[in-house]
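Notes for the one structure printed next.
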Amino acid sequence: EKTHVPTTLTENIKEKLIHLDLLLKASIVHQPEAIAKLSAALRRSFILMGKRKKPLASFLFLGPTGVGKTETGKAIAKIFFGGETYLDRFDMSNYQSNTDIPQLIGSLDTANPGLLSKAVRENPYGVLLLDEIEKANKDLVNIFLSVLDEGYFTDGFGKRVDCKNLVIVATSNAGSDFLYTHTQGVQAQNTHPEGVLVNYLVEQKIFTPEFLNRFDAVIAYNPLDPDSAKQIARKMIQKITEDVLNLHKVKVNVSDTFLDDLISKGYDEKFGARNLERLIRDQIEDKIAKLILEDKVKEGETINL
């Protein structure tokens with residue numbers, strides 16, 4: 001009751017596991033293979049709930065920036081666990097040297113409990129999201145090796161921190177240029193991009209085979225094509241129009257022509273949805289803000305773009 005960790009497979013959990021593919025597809029665009037692999041691995045893990053020494057499930061998401069890797073981690077927390085309060089996110093680029101490790105696991109000398117130790121103890125059931133794992137210090141990666149294998153790590157005070165009730169999601173942009181240039185060829189040959197990318201990452205000594213083998217699934221994300229970009233842009237615009245309507249009682253209508261023109265001129269596949277966000281901010285949000293601030297549009301009226 002205190003930790004919210006289920007001890008049996010409830011009907012609610014079964015229902016979510018059965019429909020996980022569909023639920024994730026509503027949040028994540030243009031990643032059918034990633035969603036299928038992720039859902040299958042989660043179903044397998046939960047069937048063995050309580051019998052595994054390891055975490056509930058562990059995944060490594062690979063691929064270019066802005067394609068939905070971090071969003072998937074958030075979606076699992078929201079859809080499966082019930083909200084983003086069940087998500088603990090750490091940016092591994094902040095922990096690149098040995099001296100950064102005590103900040104995460106704690107230190108007896110400074111009496112610091114450690115950010116990671118504290119977060120896992122406070123939220124032992126949910127998603128632990130480790131962004132840009134390739135940038136983490138090698139000693140820190142070794143700590144995660146034991147987490148993926150044994151389901152716990154030892155904090156700076158010599159006490160165990162239990163990670164068995166977590167879904168661990170590590171993301172990495174490593175090899176994204178390689179994936180970007182090889183995706184078309186790989187798909188044409190009907191080969192799995194993960195295999196090609198994993199071999200490349202091992203050859204480049206970015207990850208060791210023993211680290212990659214610890215994950216339940218290593219999943220490669222596709223770069224976003226213009227059609228997918230348009231779908232994501234529509235979602236972003238819907239959020240903006242809802243906010244503007246609620247706050248200022250002004251309707252906003254963005255035409256397909258305007259959106260197509262925006263994407264063809266400014267969207268770059270290499271930067272994915274992050275680039276799209278900037279584009280929408282500059283070309284849509286700014287225009288709306290100016291019209292409202294200059295009183296050129298009144299309550300109940302519609303802005304047509």
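Under a crude label model (7 Å from the Cα following the beta-carbon direction), how far is R281 from I18 in nanometres?
Distance between label points: 4.3 nm.
Could you give me the ³J(HN,Hα) list for segment 75-87, computed from phi with Karplus coefficients 6.51, -1.76, 1.60 and θ = phi - 60°, whole Hz, x at Gly and Pro?
Each residue's phi maps through the Karplus curve to give 5, 4, 4, 6, 6, 7, 8, x, x, 6, 5, 8, 10 Hz.
Computing the accessible area with a 1.4 Å probe over protein heavy atoms, can you report the carbon and sulfur percentage for the chain? All intermediate terms of the calculation are to be shown ahead of the outcome.
Working: 8080 of 15900 Å².
Solvent-exposed carbon and sulfur of the chain make up 51 percent of the total.
With a ≥ b ≥ c taken as the square roots of the eigenvalues of the C-alpha gyration tensor of segment 42-110, please select rounded if a/c is under 1.5 and otherwise prolate if a/b is larger than b/c or oblate if it is not? If you can, show how the numbers build up before the last one.
Numbers: a/c = 2.04, a/b = 1.36, b/c = 1.49.
Taking the square roots of the gyration eigenvalues as a ≥ b ≥ c, segment 42-110 is oblate.
From the square roots a ≥ b ≥ c of the eigenvalues of the alpha-carbon gyration tensor of segment 1-51, which class results: rounded (a/c under 1.5), prolate (a/b over b/c), or oblate? Mind showing how you got there, number by number?
Values: a/c = 2.56, a/b = 1.94, b/c = 1.32.
In terms of gyration-tensor shape, prolate.
If you place +1 on the Cβ of every Lys and Arg and -1 on the Cβ of every Asp and Glu, how big does the dipole about the Cα centre of the chain come out, in debye to the nearest 20? Write out the running numbers ahead of the final one.
Details: 39 positive and 42 negative charges, 167 e Å.
It works out to roughly 800 debye.
Can you list residues whose amide H is under 5 Å from Y221's amide H, if they're 5+ apart or on another chain and H is modeled 1.01 Å from N?
Placed amide hydrogens put L62, G63 under 5 Å from Y221.
Running a GNM on the chain with Cα contacts under 10 Å, which residue among H30, H19, H248 ends up with the highest mean-square fluctuation?
Looking only at H30, H19, H248, the largest GNM fluctuation is found for H248.
May I ask you to give the average projected area over all directions of the convex hull of the Cα atoms of the chain, in nm² rounded to one decimal?
Its average projected convex-hull area is 19.1 nm².
Find the accessible area per residue for the chain; the probe is 1.4 Å, ligands and nucleic acids are left out, and the unit is Å². It would help to have the intermediate numbers written out before the result.
Numbers: 15900 Å² over 305 residues.
With the other protein chains kept in place, the chain gives 52 Å² per residue.
In whole Hz, what ³J(HN,Hα) sequence does segment 240-254 give by Karplus (6.51, -1.76, 1.60; θ = phi - 60°), x for Gly and Pro?
Here the 3J(HN,Hα) series is 5, 5, 5, 5, 5, 5, 5, 7, 10, 6, 10, 8, 10, 10, 9 Hz.
Please give the residues of segment 240-283, grouped as numeric ranges, whose backbone N is less than 14 Å from a label point set 7 Å along the Cα-to-Cβ vector of R89.
274
Per residue of the chain, what 222 nm ellipticity follows from adding -39500 (n - 2.57) for every DSSP H run with n ≥ 4, rounded to the nearest 500? If you can, show how the numbers build up before the last one.
On the way: 14 runs with 143 residues, N = 305.
Calculated at 222 nm, the ellipticity per residue is -14000 deg cm²/dmol.
Identify, among N98, G126, T110, the residue whose Cα sits farthest towards the positive end of the charge dipole of segment 1-159, taking +1 on the Cβ of Lys and Arg and -1 on the Cβ of Asp and Glu, with the dipole about the Cα centre.
It is G126.
Beyond a 28 Å Cα-Cα separation, which of these cross-linked pairs lie in this structure: K74/K265; K135/K270; K37/K235; K135/K239; K69/K239; K74/K118?
Working: K74/K265 30 Å; K135/K270 20 Å; K37/K235 24 Å; K135/K239 33 Å; K69/K239 20 Å; K74/K118 20 Å.
Beyond 28 Å: K74/K265; K135/K239.
The values are calculated or read from the model by the stated rules, or taken from the named source; none is laboratory data. If you're wondering where the values come from, they're calculated on a predicted model, not measured in any experiment. Quick reminder, even Gly has a Cβ in these numbers, built from the backbone with ideal geometry, and neighbours come from all protein chains shown. Ligands, DNA and RNA are stripped out before the accessible areas are found, and what is left, the full protein with its side chains, is counted by its heavy atoms. Shrake-Rupley method; radii C 1.70, N 1.55, O 1.52, S 1.80 Å.
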